[in-house]
Every structure is written in C-alpha cells, then in structure tokens.
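Colleague: Sharing a structure here in structure tokens format.
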Amino acid sequence: MSDAISAPEAFGASFDAAPAREALELGEGLEGDPALAFRKTLGMFATGVTVLTTRVGGQVHGMTANAFMSVSLQPPLVLVSIDRRAKMGALLHEGTRFGVSVLEAQQTGLSDRFAGRVADDLPEAAFELVHETPLVEGALAHLVAGVVRSYWGGDHSLFLGRVEYARYGEGRPLLFHGGRYERLIEDPQVFSMLPEELLGPIIALGEPREYADGQAIMRAGERGAELLLVVAGSVHVERPGRSLTLGPGELIGEIEVLDPGGGRIANIFAVGSVRCVAVTRQQLLTALEADPRAAIALIEVLAARFRETA
Ligand code: FAD
C-alpha cells in the first residue's frame, strides 16, 4: 500500500518542462487571448467549491479553491493546486496539515470571503478545530490532510495530502462552472412554493384517487399531466441517482403538469395504501383562469429558480 505513495517518479519534480503557452492551439471558433481561452475552456469543468485552511502560529488562514481532487482511497490521498502568488502556498509544506471544507449551496458568501472578494455583507467565518486544523463550520464535508509531497512548476503548485480525518453531512453542494456559482436543483418544487390561499383552490378542483401497496402511481417516460397531492400514506419516488419518500401534504408531478410533452421524470410507487387528490392539466388551467394571482405566483416561483442558479 505504501508503494502507492512512493512509486510515482514525478513527485517532488518540477513540471516547468511542460509545453510553453505559445504552443497551445485554440480550436475552431476560439479567438483572442489564448490564455483567456484556455482559462474559459478549463472553466467548462464543473466543480464543487472548497475552503482550504491551515493554522500557523495560532493564526487561521483560509483560501477558496476549486482545484481539489481525490487521488487514492487506499491510502487516502487528495490533491490541491494553489497559485504560486497565493499566501496559502507559502504556508503549506511537507509535514503541515491543511483542512478542506466542501461548501454547501448557501455558502457563496464564505467562498467570496476566502477568495479575497470585497463586499459589505460577506458573512463572518467560524472555525472548528480537528487534529489542530481549522475547518469552516456549516460546510457539507470536511477533510484534514497532512502534506506528504509538493510538486511545483508553472504558476501553480500541487500539494498531495494524506487524509487523517473525513466527515460529511446531508445537504447540497455549492458548484462552480464557467466562472460563476451554480446550484443543483434537486427537488423540482413549483406548486409547493405557493401560499395555501392560492394552492387550495387549485387542489379543490381535483378528484380523489386510491392506490394499493406497491402500485405504480407514475412511471418515468410516460406521458402524463396530472398534479397529485398525497393525502394519506406515503409514496416512494425513484429518480436517476436519487430516491426519496414523500408523505401527506406533498405534491407529485409539479413539472409535468406544466410541461406535459416532456414525460414523467420519476418512477413513483405507493408504500402501503395511499390516498391522493389528482388535478388534471385542464382543471389547473381552469383554476388559473379563475384566479390569475396564482398564475403570476407560479411565474414568480419559476423566475426565482432561475435567479438561484445565476
Ligand atoms: P488572501 O488573499 O490573503 O486571503 C484570502 C481571503 O480570505 C482574504 O480576503 C482574507 O481576508 C480571507 N481570510 C483568510 N483567513 C481568514 C480568517 N481566518 N478569517 C476570515 N477571513 C480570512 N486559487 C488557487 O490558487 N487555486 C484554486 O483552486 C482556486 N480556486 C478558486 C475557486 C473559486 C470559486 C474562487 C472564487 C477562487 C479560487 N481561487 C483559487 C482564487 C483564490 O481563492 C484567491 O486568489 C485567494 O485570495 C488566495 O488566497 P491567499 O492564500 O493568497 O490569501
């Protein structure tokens, strides 16, 4: 196992022998500054966002970084790439420890803070110490690693860290793509965001439905344009890469009823006996005509979803 660390000959070497930037050929349609085109090309690789932290002489230093990757499970190794002008690069060397805090979707302010961006409303960071290493509180995942090798050249340095501590929690990650923050939209909630006074009259037009244990309520790919409110029992929702259970008061088919051409996006089965109220697309349109405030509220919900990813 230790061979996995000692084997590569390149560790400790410089990568200055890499081709010069002038040798970089830009693909068709890319013009202008090659350095910028290269940077934008790299920006197409979507990543999470971390804050790297270390402690020197009792002082905590943090820096935002997305150039973080896993290297090996056994032994547990990770790698970070740090600009040679960054203070962080001067603080890390073989034998020092660094923390990696994987930011949660709402932590854009902390990312900005540790990237040196200036704004009045950036949140203060709070740290917890693990293995004498600071970690950003509220992050989605934490790692503490000790630098075992550094690798230098070009304008960045690489630090290979052996992981001593790892934890993760539930939540959604902050993403970075094309030079801006993005978020995963996991739960396509639209109608669930409406206030009761606007949702109630829509549901009131629906009709009761009953399903036996294990019965399919919806199948992925099927055409269907009904909004269902679970009234009693629970339903199991299977989407690609994710499954969840919904209970009374929760809605199913929120996207499909607005976009009936796209087909169902999940398999949904009854768990035990289930009672629902089903609202057809036609009934929905009737309700929206009767109270255009609900239509406006839906547009506002959708606009807010776009803003979330802007
Ligand atoms: P500084 O610029 O001195 O510090 C960074 C900021 O953190 C400063 O505003 C400082 O006040 C604040 N800070 C530091 N410690 C504390 C503390 N204890 N409490 C409160 N605030 C503190 N650069 C890379 O080299 N590699 C990357 O992978 C990388 N990825 C990035 C990803 C994103 C999404 C962004 C936005 C930036 C990224 N950067 C990356 C740029 C990098 O974050 C900045 O250049 C950063 O300023 C470098 O930090 P520094 O170590 O030079 O320290």
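Colleague: Those residues that are within 12 Å of the ligand (Cβ to nearest atom), surrounded by 13 or more Cβ atoms within 10 Å (Cβ to Cβ) and in a loop (DSSP other than H, G, I, E, B), I need them from segment 106-153; list them, please.
Modeller: The answer is GLN107, ALA115, LEU122, PRO123, ALA125.
Colleague: Separate question: Does segment 88-97 hold any residues that are touching a residue at least 12 places away in the same chain (Cβ under 8 Å) and more than 12 Å from THR53 (Cβ to Cβ), and which are they? Working first, answer last.
Modeller: Quick first cut of segment 88-97, residues touching a residue at least 12 places away in the same chain (Cβ under 8 Å) only: 88-89, 91-97.
Selection gives GLY89, HIS93, GLU94, GLY95.
Colleague: Taking segment 264-288 only, how many residues are touching a helix residue (DSSP H, G or I) at 6+ places or on another chain (Cβ under 8 Å) and more than 16 Å from GLY200 (Cβ to Cβ)?
Modeller: 1
Colleague: Taking ALA232, is it within 29 Å of the chain's Cα centre (by Cα), surrounded by fewer than 18 Cβ atoms within 10 Å (Cβ to Cβ) and in contact (Cβ under 8 Å) with a residue 24 or more places away in the chain? Before you say what the answer is, go through the steps one by one.
Modeller: Numbers: within 29 Å of the chain's Cα centre (by Cα): no; surrounded by fewer than 18 Cβ atoms within 10 Å (Cβ to Cβ): yes; in contact (Cβ under 8 Å) with a residue 24 or more places away in the chain: yes.
Against the criterion (within 29 Å of the chain's Cα centre (by Cα), surrounded by fewer than 18 Cβ atoms within 10 Å (Cβ to Cβ) and in contact (Cβ under 8 Å) with a residue 24 or more places away in the chain), ALA232 does not qualify.
Colleague: Of the numbered conditions (1) over 18 Å from THR47 (Cβ atoms); (2) near the ligand (Cβ under 10 Å from one of its atoms), ALA86 fails exactly one; give the number of that condition.
Modeller: Result: ALA86 passes all but (1).
Colleague: Let me spell it out: the conditions are (1) over 29 Å from the mean Cα position of the chain (by Cα); (2) at pLDDT 90 or above, and GLN107 meets all of them except one. Which number is the exception?
Modeller: The number of the failed condition is (1).
Colleague: Name the strands (runs of 3 or more DSSP E) wholly inside segment 159-242 in which the number of residues that are farther than 23 Å from GLY261 by Cα is 3 or more.
Modeller: Numbers: elements: 174-177, 180-183, 207-211, 216-218, 226-239.
Output list reads 174-177, 180-183, 207-211, 226-239.
Colleague: If the requirement is being of a type in the set (Asp, Glu), surrounded by 12 or more Cβ atoms within 10 Å (Cβ to Cβ) and within 30 Å of GLU182 (Cβ to Cβ), which of these qualifies: GLU210, GLU238, GLU226? Don't jump to the end; show me each part of the working.
Modeller: Details: GLU210 fails: within 30 Å of GLU182 (Cβ to Cβ); GLU226 fails: within 30 Å of GLU182 (Cβ to Cβ).
Result: GLU238 is the single residue among GLU210, GLU238, GLU226 that is of a type in the set (Asp, Glu), surrounded by 12 or more Cβ atoms within 10 Å (Cβ to Cβ) and within 30 Å of GLU182 (Cβ to Cβ).
Colleague: I need the full set of residues from segment 53-82 which are surrounded by 13 or more Cβ atoms within 10 Å (Cβ to Cβ) and among the hydroxyl-bearing types (Ser, Thr, Tyr), in order please. Break it down stepwise before answering.
Modeller: Residues of segment 53-82 that are surrounded by 13 or more Cβ atoms within 10 Å (Cβ to Cβ), as a first pass: 53-55, 60-68, 71-72, 75-82.
Across segment 53-82, the qualifying residues are THR53, THR54, THR64, SER72, SER81.
Colleague: Any idea which of ARG21, ARG84, ARG113 is of a type in the set (Lys, Arg) and at pLDDT 95 or above? Break it down into steps so the answer makes sense when it comes.
Modeller: Details: ARG21 fails: at pLDDT 95 or above; ARG84 fails: at pLDDT 95 or above.
It is ARG113.
Colleague: To continue, here is another question. Can you tell me how many residues within segment 89-100 are crowded, with 16+ Cβ neighbours inside 10 Å, within 12 Å of the ligand (Cβ to nearest atom) and not in a loop (DSSP other than H, G, I, E, B)?
Modeller: Narrowing segment 89-100 to residues crowded, with 16+ Cβ neighbours inside 10 Å: 89, 91-92, 96-100.
With within 12 Å of the ligand (Cβ to nearest atom) added as a condition, the list becomes 89, 91-92, 98-100.
Cutting the leftovers down to not in a loop (DSSP other than H, G, I, E, B) gives us 89, 91, 98-100.
Final tally of qualifying residues: 5.
Colleague: Of all residues in segment 24-65 being assigned to a loop (DSSP other than H, G, I, E, B), without any contact (Cβ under 8 Å) to a residue 24 or more places away in the chain and under 30 Å from GLY95 (Cβ atoms), which is nearest to the ligand (Cβ to nearest atom)?
Modeller: GLY58
Colleague: Can you confirm whether segment 88-95 contains a residue that is modelled with pLDDT under 85 and under 30 Å from GLU128 (Cα atoms)? Full working, then the answer.
Modeller: Initially, segment 88-95 is screened for residues modelled with pLDDT under 85, giving none.
No, every residue in segment 88-95 fails to be modelled with pLDDT under 85 and under 30 Å from GLU128 (Cα atoms).
Colleague: Identify, from the list VAL100, VAL118, VAL130, VAL144, the residue that is out of contact with any Pro (no Cβ under 7 Å at 6 or more places or on another chain), within 26 Å of THR54 (Cα to Cα) and free of Cβ contacts under 8 Å to residues at least 24 places away in the same chain.
Modeller: Details: VAL100 fails: free of Cβ contacts under 8 Å to residues at least 24 places away in the same chain; VAL130 fails: free of Cβ contacts under 8 Å to residues at least 24 places away in the same chain; VAL144 fails: free of Cβ contacts under 8 Å to residues at least 24 places away in the same chain.
It is VAL118.
The values are calculated or read from the model by the stated rules, or taken from the named source; none is laboratory data. All values reported here derive from a predicted model rather than from experimental measurement. As a convention, Cβ positions derive from the backbone with ideal geometry for all residues, glycine included, and neighbour counts pool all protein chains shown.
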